[in-house]
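Notes to accompany the following structure.
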Amino acid sequence: MRAFTPLVIGLALVGCKKGSSSSSAGDTSPGAPSSSTDTDALWAMAPEGAMVGFVVSPRALTMADNGWQDVRAMFAKAPELAMVNTMLGAQLTKVFGKAEVTLADVGLAPGKGGAFFTLSGGGGIAVIPVADRDKWVAATKGTKGADSDKIGEATCKTISGSYICASTEDLFGKIGKGAKLKDGLSALGTRGDVEVVAAIPVGKGISAAGVMQLARGNVVMRGTVSGLSSQVGSMLKGAQIKARTDATTAGFGVIGIGPMMASAPPLPIVAGVTLADLGKSISGPVTLHIPAGVLDVDIRVPVSDPKPAATLIEHCMDLPALANAGATYSDGACHLNVPTLGYQIDLWVDGQEVRIGKKGAAKPGVAVPMTKIGEEIAKTEAAFSFWGRGTVMGQMPTPMPEMPTVPTEALMMIRGISVLNELGGAVRFASDDKLEFIYTVRTIWSNPDDVVAKIIAITPEMFFNNKAGDAAKAIAEASPGSPFAADFKAGTGGLMAPMAVAGVLAGVAVPAFMDYMKKSKKSEAALQLNKLAKHAKVYYVENATFPTGEAPTTPVQKCCEQPGGKCAPGGAAWLNEAWTKLDFQIDEPTLFQYSYKSDGKTLDAEAIGDLDCDGTSITYKLHLEADQGNPTAAITEPAPNTD
């Protein structure tokens, strides 16, 4: 629903009700809500056949409503966001008739929760926290009736005090018959202010559960996914470790890329060293540590054979990217200078480790407390983990270079980064096919309101003219017990850790996940053609022939031309005699179109689909023939990387 868009943004960026300047500061890491009564009542409305459930507690909606107003207030005060604020206001006015919108303005009640359920056979049910039916129908441009309303294609009714919308009338009779969906939360062992459960019929079945736990300006997400391909889990499960931390930790990272690099291709890097040589030498996860209060980094890569790395480092000047950065080699290390930061990065081999950082006596960091959620992530044996706290508005070790004019885009970017004070996450494999994850985001709104106002008053221009650090220092000194005081003490480097790990994940894990999702989509064709083959074999054994005739591409309209990029289930097209004789049709949304042709002696069928809706289709082919009365089947898959 359009009304929930600003709520989600507010929840993600702020996620809390307003606080006063006397609010308790310190560690604001959120935990499980004190009561789950309200969310349990919403889960109890889950319909029969529910595949995915999404429940938002009354507390979460109230926090989101207030949070959204805080974000809009910042937009109004920040000159560099004026254009965005104007555009946003125009869009809200177009939809709701006014630029400043609250839940109450669209007829919703902040004190009520909401839910949304999708069904395995298609369709969905939404439980909407409507307090003023007239306002809600008007805001959504619906049509009010005596006993029910029409909102788009959905029918909405008030049932037992709850305003419920369903995609089709028959779904109202299924409400409350799928409450067991909530049992999926038991895999987490905790509850949240926002809860999600999914049971997806892909392959052997994928089950997932997740919660969001909220505090002022702070969101923690916890979740688990089971039924994944065991290939990645079996590869990474044995390479999970805890992070390296000490009393000065402002940021850390663990990147389990060793198993992935083990199969790297033999591409030459420098003379005598290939990517395969380097990949096979990595013996464990890469670890990253950033101390507080100093601009420093300590990256360690364990290696079983240090020779490939040592050779690479010795010839680092032969790499164009490093040569362009002024790389030099001396004292057994490759040296890279970053003049704008007044910092030198060294690469060297130390025993069975490749080190990246400052060779020799590095400047010690300062003691700074980790948050509770940061400590939890650090103690998690994970394949990937990252955490960092700090502020981009800290004092830089060297002045920023003078810039006569700063592009608006750069000012907007600095403003966006400046509201973040803590980022973290971890992914661990509990078994080959089950992963668990935890993520956290904390913003400036975790501080008392007077501190927030002072931080927002620091403009991005002050960052570029080297005045932001002094202004931030004054804020930290005036509020020594606030989260921002510890963030300022952590410095500007802490947030580099999660950003660095996120960059690696984007380059390694995301493509791997997308490839897995493509394989999951492809599995539909193989499963359906296998089902068709079984039915055809039974028919042949009973009739000594395959059903003769031809069934053209079914459905006729391409899936990418239909809503959601999927072909609608059922329909008259499946009443073709060939399909009915084989008792074959697809009763759920599909990504493929199917065709059939047989002369009685042989049978050929195809599944054609454009998985990305990019105009490139792939085809799965099924061929059956009988040898001395024994029908046999063969499925031909499309060539790799043709989709």
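Condition check ((1) surrounded by fewer than 19 Cβ atoms within 10 Å (Cβ to Cβ); (2) modelled with pLDDT of 90 or more; (3) not in a loop (DSSP other than H, G, I, E, B)) across all residues:
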{"site": "40", "(1), (2), (3)": "yes, yes, yes"}
{"site": "47", "(1), (2), (3)": "no, yes, no"}
{"site": "53", "(1), (2), (3)": "no, yes, yes"}
{"site": "72", "(1), (2), (3)": "no, no, yes"}
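Among the residues of the range 346-371, those identified as within 22 Å of residue 326 (Cβ to Cβ), in contact with a Pro (Cβ under 9 Å, 6 or more places away or on another chain) and of a type in the set (Val, Ile, Thr) are 349, 354.
In the range 534-549, what residues are part of a helix (DSSP H, G or I) and either modelled with pLDDT of 95 or more or surrounded by 14 or more Cβ atoms within 10 Å (Cβ to Cβ) (or both)? Walk me through it before giving the result.
Looking only at the range 534-549, we keep the residues that are part of a helix (DSSP H, G or I), and these are 534-543.
Selection gives 535, 536, 537, 539, 540.
When we screen 600, 570 for residues that are among the small types (Gly, Ala, Ser), modelled with pLDDT of 90 or more and not in a strand (DSSP E or B), the only hit is 600. Selection of the range 495-520 for residues being buried (at least 21 other Cβ atoms within 10 Å of the Cβ), modelled with pLDDT of 65 or more and either assigned by the TED database to the domain that holds residue 425 or in a helix (DSSP H, G or I) (or both) yields 497, 498. Note on the range 103-145: among residues that are assigned to a loop (DSSP other than H, G, I, E, B) and in contact with an Asp or Glu (Cβ under 6 Å, 6 or more places away or on another chain), the one that is farthest from residue 62 (Cα to Cα) is 142. The numbered conditions (1) crowded, with 18+ Cβ neighbours inside 10 Å; (2) under 30 Å from the mean Cα position of the chain (by Cα); (3) closer than 19 Å to residue 121 by Cβ are all true for residue 586 except (2).
Scanning the range 188-222 for residues that are among the polar types (S, T, N, Q) and farther than 22 Å from residue 112 by Cα turns up just one, 207.
Listed here are the strands (runs of 3 or more DSSP E) enclosed by the range 213-331 that have at least 2 residues being of a type outside the set (A, V, I, L, M, F, W, C) and in contact with a Leu (Cβ under 9 Å, 6 or more places away or on another chain): 218-226, 249-255, 298-302. Which members of the range 628-642 meet the condition of being touching a residue at least 60 places away in the same chain (Cβ under 8 Å), assigned to a strand (DSSP E or B) and not β-branched (Val, Ile, Thr)? Selection gives 631, 633.
Out of 157, 180, 150, 204, report the one residue that is of a type outside the set (S, T, N, Q) and part of a loop (DSSP other than H, G, I, E, B). Answer to the check: 204.
Being among the hydroxyl-bearing types (Ser, Thr, Tyr) and surrounded by 16 or more Cβ atoms within 10 Å (Cβ to Cβ) is the filter here; which residues of the range 589-603 pass it? Outline the logic, then answer.
Residues of the range 589-603 that are among the hydroxyl-bearing types (Ser, Thr, Tyr), as a first pass: 590, 594-596, 598, 602.
If the condition is that a residue be among the hydroxyl-bearing types (Ser, Thr, Tyr) and surrounded by 16 or more Cβ atoms within 10 Å (Cβ to Cβ), then 590, 594, 595, 596, 598 are the ones that fit.
Of all positions in the range 605-627, at least one carries a residue that is surrounded by 13 or more Cβ atoms within 10 Å (Cβ to Cβ), in a loop (DSSP other than H, G, I, E, B) and among the hydroxyl-bearing types (Ser, Thr, Tyr). Name the residue that is surrounded by the most Cβ atoms within 10 Å (Cβ to Cβ), counting only residues in the range 320-338 that are touching a strand residue (DSSP E or B) at 6+ places or on another chain (Cβ under 8 Å) and of a type in the set (Gly, Ala, Ser). Per the stated criteria, the residue is 333.
Working carefully through the options 226, 207, find the one that is free of Cβ contacts under 8 Å to residues at least 24 places away in the same chain, among the polar types (S, T, N, Q) and under 30 Å from residue 528 (Cα atoms). Lay out the reasoning, then the answer.
Working: 226 fails: free of Cβ contacts under 8 Å to residues at least 24 places away in the same chain.
It is 207.
Checking each residue of the range 260-283 against the condition of being under 30 Å from residue 444 (Cα atoms) and either of a type in the set (Ser, Thr, Tyr) or surrounded by 18 or more Cβ atoms within 10 Å (Cβ to Cβ) (or both) gives no match.
For (1) over 30 Å from residue 198 (Cα atoms); (2) crowded, with 21+ Cβ neighbours inside 10 Å; (3) without any contact (Cβ under 8 Å) to a residue 60 or more places away in the chain; (4) touching a Ser or Thr at 6+ places or on another chain (Cβ under 6 Å), each residue gets a yes or a no:
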{"site": "100", "(1), (2), (3), (4)": "yes, no, yes, no"}
{"site": "105", "(1), (2), (3), (4)": "yes, no, yes, no"}
{"site": "110", "(1), (2), (3), (4)": "no, no, yes, yes"}
{"site": "113", "(1), (2), (3), (4)": "no, yes, no, yes"}
{"site": "118", "(1), (2), (3), (4)": "no, no, no, no"}
{"site": "121", "(1), (2), (3), (4)": "no, no, no, no"}
{"site": "135", "(1), (2), (3), (4)": "yes, no, yes, no"}
{"site": "138", "(1), (2), (3), (4)": "yes, no, yes, no"}
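Just the residues that are of a type in the set (D, E, K, R) and in contact (Cβ under 8 Å) with a residue 12 or more places away in the chain, please, taken from the range 423-474. So that I can check it myself, show each step before the final result.
In the first step, residues of the range 423-474 are kept if they are of a type in the set (D, E, K, R); the result is 428, 432-434, 436, 442, 449-450, 454, 461, 467, 470, 473.
Of everything in the range 423-474, those that are of a type in the set (D, E, K, R) and in contact (Cβ under 8 Å) with a residue 12 or more places away in the chain turn out to be 428, 432, 433, 434, 436, 442, 449, 450, 454, 461, 470, 473.
Could you please let me know if residue 77 is surrounded by fewer than 17 Cβ atoms within 10 Å (Cβ to Cβ) and within 30 Å of residue 406 (Cβ to Cβ)? Criteria met by residue 77. Within the range 241-266, which residues are at pLDDT 85 or above and among the hydrophobic types (A, V, I, L, M, F, W, C)? Hits for the range 241-266 are 241, 243, 247, 250, 252, 254, 255.
Matching residues to (1) of a type in the set (Val, Ile, Thr); (2) at pLDDT 95 or above:
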position: 138; (1), (2): no, no
position: 151; (1), (2): yes, no
position: 164; (1), (2): yes, yes
position: 184; (1), (2): no, no
position: 198; (1), (2): no, no
position: 217; (1), (2): no, no
position: 228; (1), (2): no, no
position: 232; (1), (2): yes, no
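The values are calculated or read from the model by the stated rules, or taken from the named source; none is laboratory data. Because the structure is predicted, anything quoted here is derived from the model rather than measured. Methodologically, a virtual Cβ is constructed for each residue, glycine included, from the backbone with ideal geometry; neighbour enumeration extends over all protein chains shown.
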